[in-house]
C-alpha cells in the first residue's frame, strides 16, 4: 500500500504554520549574528586563545584570518583540466544466497582550453572473498565486519584511489583541479578501533592524499571537496564563544549553570545563512580550520581547512587539505575553478554531476545484479538458499 497523503496534509499545514511563526525570530538571530561577525570590537587574537581553551560539545572552527574577510574569484587559467570521481554500491544482503558486495566508481576528466576533451568511465568491482568481508586485526583473532557504514567508507576510499589515478595521468606542467562531492572529514571512523582507523584512514584515504600532494612536484594540482547547501555551524559556534561571558567556555559544566545564556542569541543560525548575507556572488569567505577530533589526532599535514563560496543564491562549503590552503596559487585555483564549474553546471559543478551519472546504481540495477548472481548459481548447479523474508519481498501476493 502506498503512502496516504490525505492523512499527512493536515500535518504538513501545521508544520508550515510553525515555520511561519518562527521566521521573524530566526531573522532577528541572524541579524545579531551578522553584527557580531563584523564587529570591530572583537580582538581576534584573544578570541583564538579563547577558542583554544574552550571545551565544548559543539564543533568550533579555528580561525586563520578575520571572521568577515571575503575575496573575489581570481581569473581562470587559459588551459586546465577538472577531475572528479563518485561512487555507488550494492550492499551485502544477508537474506541473499551469496555474501558479496559491489562498488561502482564513476571517473570524469574534462579539459578546457585550446584542445577541449572529456573522458567518462565507470569501473564496477565485485567483492566476494573472505578478506573483503572483514577488516582483520594485525595480531589476529579480533576483526571488524564490513557492514553498511564501513562499506560506505571503503567506497569513499575507492573514490579517492581512482581520483589519485586520474591526477597522476595528467601530463607534467599541466594545471588541474581534483574534486569530490561531500566532506574530507571521515566522521564514520570516530570512535572506531585503532586497527580499523589505521587500515581505512592511514593506509587508505591519507595515503591517497600523500600521493596527490607529491604530484605537485611536476604539475599544478589543487584538491577539494564540495558540499552543496551545508548544514554546518562551525563559524556560528565561533560567535557563540565570542558572546559567552566566561573566559573559558565549558559546555559540560558552565553552560548548565549559566542563567543568562547569551550565546542562545544565535541559536539555530547556520553558517550558510551568515555567508549568504555577507558574500557577493562568486566571492569566498575567509579560511577556517575544522577542529574535529579525528582530524586533530590523525590527519597531520592533511588537516582540513574550509571556506564558504557564494554561487548565485546558494552557499557551498569547499574543503581543502592544509597543503592546498597554505599555497596561495592552489587556493586561488580551487576558488576560480570550483566557481567556473558551478557556473557551467547551473549552480553545481559539472564534473561532479557527470561523475555521479557514471557511478549511479539504480534500484533496477540492484535487482538485475542479484538475478544475475542467482541465475549463475543455478546454471552451475550450485545451491542458492535465500531467506523467507527475501522470497516474500519478491513475491506478489495479491
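Would the range 292-299 turn up any residue that is surrounded by fewer than 18 Cβ atoms within 10 Å (Cβ to Cβ), farther than 22 Å from residue 216 by Cβ and touching a helix residue (DSSP H, G or I) at 6+ places or on another chain (Cβ under 6 Å)? No, the conditions are met nowhere in the range 292-299. Residues satisfying the criterion are present in the range 47-63 (criterion: buried (at least 16 other Cβ atoms within 10 Å of the Cβ), at negative phi, within 25 Å of the chain's Cα centre (by Cα) and assigned to a helix (DSSP H, G or I)). Cβ-Cβ contacts under 7 Å between residues 6 or more apart (or on different chains), taken from a first residue in the range 317-335 that is within 16 Å of residue 209 (Cα to Cα) to a second residue that is at pLDDT below 95 and surrounded by fewer than 21 Cβ atoms within 10 Å (Cβ to Cβ), are listed as 322/301; 323/301.
I'd like the full set of residues that are under 19 Å from residue 160 (Cβ atoms), in contact (Cβ under 8 Å) with a residue 24 or more places away in the chain and under 18 Å from the mean Cα position of the chain (by Cα), limited to the range 272-305. Matches in the range 272-305: 290, 292, 294, 295, 298, 299, 302, 304, 305. With respect to the stated conditions, residue 82 fails to be in contact with a strand residue (DSSP E or B) (Cβ under 9 Å, 6 or more places away or on another chain), under 28 Å from residue 326 (Cβ atoms) and surrounded by fewer than 17 Cβ atoms within 10 Å (Cβ to Cβ). Residue check: is residue 177 assigned to a helix (DSSP H, G or I) and either in contact with a helix residue (DSSP H, G or I) (Cβ under 7 Å, 6 or more places away or on another chain) or within 23 Å of residue 324 (Cβ to Cβ) (or both)? No. Applying the condition of being touching a helix residue (DSSP H, G or I) at 6+ places or on another chain (Cβ under 6 Å) and closer than 30 Å to residue 77 by Cβ to the range 108-140 and asking which residue is surrounded by the most Cβ atoms within 10 Å (Cβ to Cβ) yields 108.
Annotation: residue 145 fulfils all but one of (1) over 17 Å from residue 358 (Cα atoms); (2) touching a strand residue (DSSP E or B) at 6+ places or on another chain (Cβ under 7 Å); (3) surrounded by 13 or more Cβ atoms within 10 Å (Cβ to Cβ); the unmet one is (3).
Can you confirm whether residue 277 is farther than 16 Å from residue 39 by Cβ, modelled with pLDDT of 95 or more and not in a strand (DSSP E or B)?
On the way: farther than 16 Å from residue 39 by Cβ: no; modelled with pLDDT of 95 or more: yes; not in a strand (DSSP E or B): yes.
When the stated conditions are applied, residue 277 does not pass them.
Residues of the range 304-343 that are in contact with a helix residue (DSSP H, G or I) (Cβ under 7 Å, 6 or more places away or on another chain) and not in a helix (DSSP H, G or I): 304, 305, 308, 309, 310, 311, 315, 318, 320, 321.
Results for (1) surrounded by fewer than 20 Cβ atoms within 10 Å (Cβ to Cβ); (2) in contact (Cβ under 8 Å) with a residue 60 or more places away in the chain; (3) not in a helix (DSSP H, G or I), shown as yes or no for each residue.
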{"site": "185", "(1), (2), (3)": "yes, yes, yes"}
{"site": "191", "(1), (2), (3)": "yes, no, yes"}
{"site": "195", "(1), (2), (3)": "yes, yes, no"}
{"site": "202", "(1), (2), (3)": "yes, yes, no"}
{"site": "211", "(1), (2), (3)": "yes, no, no"}
{"site": "225", "(1), (2), (3)": "no, yes, yes"}
{"site": "230", "(1), (2), (3)": "no, yes, yes"}
{"site": "236", "(1), (2), (3)": "no, yes, no"}
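Would you mind stating whether residue 166 is surrounded by 19 or more Cβ atoms within 10 Å (Cβ to Cβ) and part of a strand (DSSP E or B)? Against the criterion (surrounded by 19 or more Cβ atoms within 10 Å (Cβ to Cβ) and part of a strand (DSSP E or B)), residue 166 does not qualify.
Do we have residue 108 as touching a residue at least 60 places away in the same chain (Cβ under 8 Å) and under 25 Å from the mean Cα position of the chain (by Cα) here? When the stated conditions are applied, residue 108 passes them. Selection of the range 124-138 for residues being in a loop (DSSP other than H, G, I, E, B) and in contact (Cβ under 8 Å) with a residue 24 or more places away in the chain yields 128, 137, 138.
The values are calculated or read from the model by the stated rules, or taken from the named source; none is laboratory data. Keep in mind it's a predicted model, so treat the numbers as computed, not measured. All Cβ positions, glycine included, derive from the backbone under ideal geometry; neighbour counts span all protein chains shown.
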